[in-house]
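Asks: I am attaching a structure below and will ask some questions about it afterwards.
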Amino acid sequence: MKKLLSIVLIVMLTMSLSFVASADLAVPISAELSAYELYKAANEKMDGKSLEILGVGEMTMSAGDDIAMKTKMDFTAKVLENSKGELEMSTVATAEILGEQIKIEQYFKDGFLYQNAAGEKTKTEAPAINVARGIAPEKDIPEDFFEDAVVEEVAGGKRIMIRVSGNYMEELVAGVVDATSFGLLDEVRFGTATLWLTIGDDGMMKETAMVFRLSAEIEGITVRMRSATNMHIVSVGKVHSISFPWDLNSYELVEI
């Protein structure tokens, strides 16, 4: 069961990082800008900027009819574009599952996504993935999702709330991590996700938060999950290098 949980946590972690594209908004907040225009400006200003993020996530999961549990995960992430114009990423998470601490790692280097979930080490070729955004470079969150966005005043800035469809969440997961490479996820279905973006008065992204639900068939067991994640942007443009494990060449290559 711990192995199954670690796979679901991989999905949780990946989705949490999939919306950090808005981490640098280099223009002051203007009442004349719509929520979508703020998001677009953030995407355009993000190119070439590095990120350091601290996050925490809480997950409630049920498996079958008689297994229910809560899990908490803390993670740190660093993303940068190296001197060759290539993306690099390092994410390390610690999750408490069934009373035990499980470490989950993700790395992106030289066009490969490396994942170590509780000692299960895999390597997937992913040259087109923009891990900093968590989505393919040519994709943005569709403008339709911002039509009913809610913008509210908060201390020191504004918070934008949008809802993202389950179908789009599934596309994001497919673009970032091949869950089937673990040989465990036969089917994953997402519900509508709610996303909050908090922007300071200086126009810089301060925090992101997301709540989503999913269900999956894992080795004949129906797993349902509710995930709530909060990420604090520690720094923008200050990460100059990323340390990778010495044994990346030992990760098992998985063909998609």
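The values are calculated or read from the model by the stated rules, or taken from the named source; none is laboratory data. This structure is a prediction, so every number in the text was calculated from the model and none was measured. Note that each Cβ is placed from the backbone with ideal geometry, even for glycine, and that neighbours are counted across all protein chains shown. SASA here: full protein model, heavy atoms, side chains in, ligands and nucleic acids out. Shrake-Rupley method; radii C 1.70, N 1.55, O 1.52, S 1.80 Å.
Asks: For A41, all conditions in the list (1) in a helix (DSSP H, G or I); (2) modelled with pLDDT of 85 or more hold save one; what is the number of the exception?
Replies: (2) is the only condition that A41 fails.
Asks: Which ones in the stretch 149-164 are open to solvent by 50 Å² or more (accessible area, probe 1.4 Å) and under 17 Å from L33 (Cβ atoms)?
Replies: Initially, the stretch 149-164 is screened for residues open to solvent by 50 Å² or more (accessible area, probe 1.4 Å), giving 150-153, 155, 159, 163.
Passing the criteria: V150, V151, E152, E153, R159.
Asks: I'd like the full set of residues that are within 22 Å of S62 (Cβ to Cβ), in a strand (DSSP E or B) and in contact with a Leu (Cβ under 9 Å, 6 or more places away or on another chain), limited to the stretch 97-114.
Replies: I97, I102, I104
Asks: Looking at the stretch 214-256 only, could you name the residues that are among the polar types (S, T, N, Q) and either under 17 Å from the mean Cα position of the chain (by Cα) or part of a strand (DSSP E or B) (or both)? Step through it out loud before you land on a result.
Replies: From the stretch 214-256, those among the polar types (S, T, N, Q) are 215, 222, 227, 229-230, 235, 241, 243, 249-250; that's our starting set.
Result: S215, T222, S227, T229, N230, S235.
Asks: Here is a further query. State which residue is nearest to K72 (Cα to Cα) when the search covers only the stretch 83-113 and only residues that are aromatic (F, W, Y) and surrounded by 21 or more Cβ atoms within 10 Å (Cβ to Cβ). Spell out the reasoning first.
Replies: Start the filter on the stretch 83-113 by keeping residues that are aromatic (F, W, Y), which leaves 107-108, 112.
So of that shortlist, the ones also surrounded by 21 or more Cβ atoms within 10 Å (Cβ to Cβ) come out as 107-108.
Details: Y107: 21, F108: 24 Å.
This residue is Y107.
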